[in-house]
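Q: There's a structure below that I have some questions on.
Only the coordinates and a few stated rules stand behind these numbers; no lab work does. This one's a predicted model, so the numbers in the text were calculated from it and none came from an experiment. Here Cβ is always computed from backbone atoms with ideal geometry, including for glycine, and neighbour counts include all displayed protein chains.
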């Protein structure tokens, strides 16, 4: 995953996930095409998962073609980490995004 990021001059900062989705936090330059970065990460991770779980993955397609991407500007990493942790336990978290309440002006 980190190598795929390096190909886009990006850095993978955080990686967390649940049974049916993952959260990635990456720092990337403005010239990087987010859609291409995401597709590269999906391809790399799908190959790795298929290698690790050979014979136990029965799906022709591992990842959905869709994804969600958001820019967090200069929000501190601690705030982003808190936000993604709340996504893992949405019923225990606040009703609104902590990014909205703590983000800095553009």
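Q: All but one of (1) under 19 Å from residue 62 (Cβ atoms); (2) in contact with a helix residue (DSSP H, G or I) (Cβ under 8 Å, 6 or more places away or on another chain) hold for residue 36; which doesn't?
A: Of the numbered conditions (1) under 19 Å from residue 62 (Cβ atoms); (2) in contact with a helix residue (DSSP H, G or I) (Cβ under 8 Å, 6 or more places away or on another chain), the odd one out for residue 36 is (2).
Q: Is it the case, given these coordinates, that residue 13 is touching a residue at least 24 places away in the same chain (Cβ under 8 Å) and under 25 Å from residue 87 (Cβ atoms)?
A: yes
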